Structures are given as structure tokens and as C-alpha cells.
Amino acid sequence: DVKVTQSSRYLVKRTGEKVFLECVQDMDHENMFWYRQDPGLGLRLIYFSYDVKMKEKGDIPEGYSVSREKKERFSLILESASTNQTSMYLCASSVSGGPNYEQYFGPGTRLTVT
Amino acid sequence: ELKVEQNPLFLSMQEGKNYTIYCNYSTTSDRLYWYRQDPGKSLESLFVLLSNGAVKQEGRLMASLDTKARLSTLHITAAVHDLSATYFCAVDPLSSGQNFVFGPGTRLSVLP
């Protein structure tokens, strides 16, 4: 089974702190994604990566950066956390090539910024 | 801009009843995915539909895809309480796996 894990289920940070969210997948997937999910707004793509050291902006990249130094690991960085970044963050991965690009999701990190 | 709509957004139904959730999208795509999300949890893959006319069934859920109509349906047969969750459809318009667009979700409550 594909397994996507995230470093924390719940996280509480203060405004202005630098926050790291980490995601690891064990299926050698090329693509990895970071979404945030907010009530009434659905899932919105922050960034995705299609290879090591490669990244593409999604729909809402402002205030975030990402890092992918190893194929299995994709990190989301909040340089200076703000209260409007309080949200559920979901990581996903998928294979590249072939007909089925199903995305597999991690358990999510609920981040609260106070 | 691709839009993915789901109808209804909220659904409350009695156990034992049948109902259908609709997913409409605004551009061509021959790949559509259904996910389930329980409260406070992440998304779990339900169905992968990869061609026009594709039909998949798992237990009391059946999903189908009509690419010409740009429509997918998720049919619930004889609902049970355990099916209470939020259901999302997602479209991959570029068939690249890199640009999923998710619908807003349908929150289903099955009442005893």
C-alpha cells in the first residue's frame, strides 16, 4: 500500500514563527503536492513538485515556500506564520506516467497560528 | 478556467434510501477521481475512472463517467450510517497528474 506520512497531526505556532511541515512517501512517486483545506473553500493547491529540486506554484503560493531535496520528502515552509495560515494542510503524492495519476493523501496537519 | 461543481453540496438521507451525487466539470477530461473524507481525517481514494463510459462499484457505491456530457455520478444504494462523510470529485484536465481540480465536496449524512 502507498503510504504518505506527515510529520505532525496537530501543530500550534505563534505569529511570526518559521514553520516546517514535512511529508514523506514510500512509493517512489515523482509528484508530490501540498494543499490547504478550509471550510467553504475546498482544497487549494499551494505548490507541487514533479522531481527532486523542481517545484511549481499552485493556486495560492503566497506566504509559502517548499523544498524537495530527496525524492521521498517534500517540505512546506511558512517563513513567517500568520493567523490566516491557520488551516488543515494535506500532502499528496502520485506517480508520473501511465494512465492513472491517482493522488494518495497523507493524514493531514492541522495548524493553528495564534 | 476549469470549474468542477458538485450537486448537492449537502445531503441528508435516511438509511436504506438511494441517492445520486453529481459532478460536473467545464472542460474536457477523460480522467476523474472520487475521494471520501471523514470528519477531521484526510482524503481516501474511492474510485478512479479513466475513460468514457467507465463504471466502478464498491459495496453500496457506484461511480460512472460520461466524458461527452462532462459528468460523473456517484450512486448510493441502500445507504447506511457508515457512508456519512464528505465526497469529493477531482478532474485531471491535462491528463498529467499535476493539475487536479477538486470539486467543493458533498457532505452526506445518513440518518438512522
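With the structure loaded, tell me whether B:Ile76 is under 28 Å from A:Phe33 (Cα atoms) and more than 14 Å from chain A (Cβ to nearest Cβ) or whether it fails that test.
No; evaluated as a whole, the condition is false for this residue.
Do we have any residue at all in the stretch A:89-110 that's in contact (Cβ under 8 Å) with a residue 12 or more places away in the chain, under 24 Å from A:Thr15 (Cβ atoms), buried (at least 21 other Cβ atoms within 10 Å of the Cβ) and of a type in the set (S, T, N, Q)?
Looking for residues that are in contact (Cβ under 8 Å) with a residue 12 or more places away in the chain, under 24 Å from A:Thr15 (Cβ atoms), buried (at least 21 other Cβ atoms within 10 Å of the Cβ) and of a type in the set (S, T, N, Q), one finds at least one in the stretch A:89-110, hence yes.
Looking at the stretch B:24-43, which of its residues are in a strand (DSSP E or B) and charged (D, E, K, R)?
B:Arg36, the sole residue that qualifies.
Please determine, by comparing only the residues of the stretch B:80-104 that are modelled with pLDDT of 95 or more and open to solvent by less than 40 Å² (accessible area, probe 1.4 Å), which one is nearest to the other protein chains (Cβ to nearest Cβ).
B:Phe88
When you check B:Tyr25 against the structure, is it facing chain A (nearest Cβ under 10 Å), out of contact with any helix residue (DSSP H, G or I) (no Cβ under 8 Å at 6 or more places or on another chain) and either open to solvent by 40 Å² or more (accessible area, probe 1.4 Å) or under 18 Å from B:Gln98 (Cα atoms) (or both), yes or no?
no
Regarding A:Met27, is this residue surrounded by fewer than 19 Cβ atoms within 10 Å (Cβ to Cβ), among the hydrophobic types (A, V, I, L, M, F, W, C) and in contact (Cβ under 8 Å) with a residue 60 or more places away in the chain?
Considered against the rule, which asks whether it is surrounded by fewer than 19 Cβ atoms within 10 Å (Cβ to Cβ), among the hydrophobic types (A, V, I, L, M, F, W, C) and in contact (Cβ under 8 Å) with a residue 60 or more places away in the chain, A:Met27 comes out as yes.
What residue, among those in the stretch A:1-45 that are in a loop (DSSP other than H, G, I, E, B) and under 14 Å from the mean Cα position of the chain (by Cα), is farthest from A:Ser87 (Cα to Cα)?
A:Ser7
Got a number for residues in the stretch A:96-114 being assigned to a loop (DSSP other than H, G, I, E, B) and within 7 Å of another protein chain (Cβ to nearest Cβ)?
9
Just to be sure before I move on: is B:Val48 among the β-branched types (Val, Ile, Thr) and either at the interface with chain A (Cβ under 10 Å from one of its Cβ atoms) or over 13 Å from the mean Cα position of the chain (by Cα) (or both) in the structure I sent?
Taking the combined requirement at face value, the residue satisfies it.
From the residues in the stretch B:28-44 that are closer than 19 Å to B:Asn99 by Cβ and open to solvent by less than 40 Å² (accessible area, probe 1.4 Å), which one is modelled with the lowest pLDDT?
Result: B:Ser29.
Restricting attention to the stretch B:65-77, does a residue exist that is under 20 Å from A:Asn100 (Cβ atoms) and touching a Cys at 6+ places or on another chain (Cβ under 6 Å)?
Scanning the stretch B:65-77 turns up at least one residue that is under 20 Å from A:Asn100 (Cβ atoms) and touching a Cys at 6+ places or on another chain (Cβ under 6 Å).
So A:Ser65 ticks every box in (1) farther than 23 Å from B:Tyr87 by Cβ; (2) loosely packed, with under 15 Cβ neighbours inside 10 Å; (3) within 14 Å of chain B (Cβ to nearest Cβ) but one. Which box is left unticked?
Unmet condition: (3).
A quick yes/no check of all residues on (1) touching a helix residue (DSSP H, G or I) at 6+ places or on another chain (Cβ under 9 Å); (2) closer than 24 Å to A:Gly106 by Cα; (3) among the aliphatic types (A, V, I, L, M):
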{"site": "B:Lys3", "(1), (2), (3)": "no, no, no"}
{"site": "B:Pro8", "(1), (2), (3)": "no, no, no"}
{"site": "B:Ile21", "(1), (2), (3)": "no, no, yes"}
{"site": "B:Ser42", "(1), (2), (3)": "no, yes, no"}
{"site": "B:Asn52", "(1), (2), (3)": "no, no, no"}
{"site": "B:Val55", "(1), (2), (3)": "no, no, yes"}
{"site": "B:Leu71", "(1), (2), (3)": "no, no, yes"}
{"site": "B:Ala79", "(1), (2), (3)": "no, no, yes"}
{"site": "B:Phe88", "(1), (2), (3)": "no, yes, no"}
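The values are calculated or read from the model by the stated rules, or taken from the named source; none is laboratory data. All values derive from a computational prediction rather than experimental measurement. Neighbour counts run over all protein chains shown; Cβ positions are idealised from the backbone, glycine included. These area figures cover heavy atoms from the full protein model, side chains too; ligands, DNA and RNA do not enter into them. Shrake-Rupley method; radii C 1.70, N 1.55, O 1.52, S 1.80 Å.
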